[in-house]
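*Asks:* Below you will find the structure I want to go over with you.
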Amino acid sequence: MSTKFESSVREIPYAQERVYAVLSDLNNLERIKDKIPADKEFGISFNSNQLTIHANMVGDICFEIVEREEYKTIKFASVKSPIPINIWIQLLPITANSCKMKLTLKAELNPFIKGMVQKPLQEAIEKIATLLQHINYEA
């Protein structure tokens, strides 16, 4: 059963094209690595197209960019995960120097698992949105 989680819409004080350029190349995550809490149970590694989250409780979860729609959307799919997950980042212009962003996560969850992970997944998508909202998107 497919379940969808959406972040609130966030305003980013940078041009849509600039935000897209940064987020569509995962090597740019280096910019936010210091903002991710240092924790023994969590770590990340990445290249331009893949992000791997190292979590002791569930093992590695790997996401890959599967589609880029220039300046508008970046879609990810899990390639290594206990459950199928898709995430997409949507960007829309507000002005020449600002845009809005929304994150959506879609996961295949049975009713039992959904009850256990619904709240943590919604909180996670909001935390990721906050993190992406506060990146310095300057060149």
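*Asks:* Could you look through the stretch 50-78, keep only residues that are open to solvent by 80 Å² or more (accessible area, probe 1.4 Å) and at pLDDT below 95, and pick out the one that is farthest from VAL117 (Cα to Cα)?
*Replies:* Going through the qualifying residues, I end up with ASN56.
*Asks:* Go through (1) open to solvent by less than 80 Å² (accessible area, probe 1.4 Å); (2) not charged (D, E, K, R); (3) not in a helix (DSSP H, G or I) one by one and return the number of the condition LEU121 breaks.
*Replies:* Going through (1) open to solvent by less than 80 Å² (accessible area, probe 1.4 Å); (2) not charged (D, E, K, R); (3) not in a helix (DSSP H, G or I) one by one, LEU121 breaks only (3).
*Asks:* Assess whether ILE113 counts as being surrounded by 14 or more Cβ atoms within 10 Å (Cβ to Cβ) and among the β-branched types (Val, Ile, Thr).
*Replies:* Details: surrounded by 14 or more Cβ atoms within 10 Å (Cβ to Cβ): yes; among the β-branched types (Val, Ile, Thr): yes.
Spelling it out, ILE113 is indeed surrounded by 14 or more Cβ atoms within 10 Å (Cβ to Cβ) and among the β-branched types (Val, Ile, Thr).
*Asks:* Do you know which residues across the stretch 7-34 are open to solvent by less than 80 Å² (accessible area, probe 1.4 Å) and either acidic (Asp, Glu) or closer than 12 Å to LEU51 by Cβ (or both)?
*Replies:* If the condition is that a residue be open to solvent by less than 80 Å² (accessible area, probe 1.4 Å) and either acidic (Asp, Glu) or closer than 12 Å to LEU51 by Cβ (or both), then LEU23, ASP25, LEU26, ASN27, ASN28, LEU29, ILE32 are the ones that fit.
*Asks:* Determine which member of the set GLN133, GLN90 is within 17 Å of the chain's Cα centre (by Cα) and farther than 21 Å from ASN49 by Cβ. Reasoning before the result, please.
*Replies:* On the way: GLN90 fails: farther than 21 Å from ASN49 by Cβ.
Just one listed residue meets the conditions, GLN133.
*Asks:* To continue, here is another question. Can you name every residue in the stretch 35-49 that is modelled with pLDDT under 90, open to solvent by 50 Å² or more (accessible area, probe 1.4 Å) and assigned to a loop (DSSP other than H, G, I, E, B)?
*Replies:* PRO37, ALA38, LYS40, GLU41, ASN47
*Asks:* Got at least one residue in the stretch 98-105 being open to solvent by 30 Å² or more (accessible area, probe 1.4 Å) and closer than 24 Å to PRO13 by Cβ?
*Replies:* Yes: the stretch 98-105 contains one or more residues that are open to solvent by 30 Å² or more (accessible area, probe 1.4 Å) and closer than 24 Å to PRO13 by Cβ.
*Asks:* Just to be sure, is ALA129 in a strand (DSSP E or B), open to solvent by less than 50 Å² (accessible area, probe 1.4 Å), small (Gly, Ala, Ser) and touching a residue at least 40 places away in the same chain (Cβ under 8 Å)?
*Replies:* Working: in a strand (DSSP E or B): no; open to solvent by less than 50 Å² (accessible area, probe 1.4 Å): yes; small (Gly, Ala, Ser): yes; touching a residue at least 40 places away in the same chain (Cβ under 8 Å): yes.
No, not satisfied.
*Asks:* Only one of (1) closer than 20 Å to LEU23 by Cβ; (2) modelled with pLDDT of 90 or more is not met by LEU131, so which one is it?
*Replies:* It fails just one condition, (2).
The values are calculated or read from the model by the stated rules, or taken from the named source; none is laboratory data. As the structure is a prediction and not an experimental result, all values here were calculated from the model. Here Cβ is always computed from backbone atoms with ideal geometry, including for glycine, and neighbour counts include all displayed protein chains. Areas reflect the complete protein model, heavy atoms only, side chains present, ligands, DNA and RNA absent. Shrake-Rupley method; radii C 1.70, N 1.55, O 1.52, S 1.80 Å.
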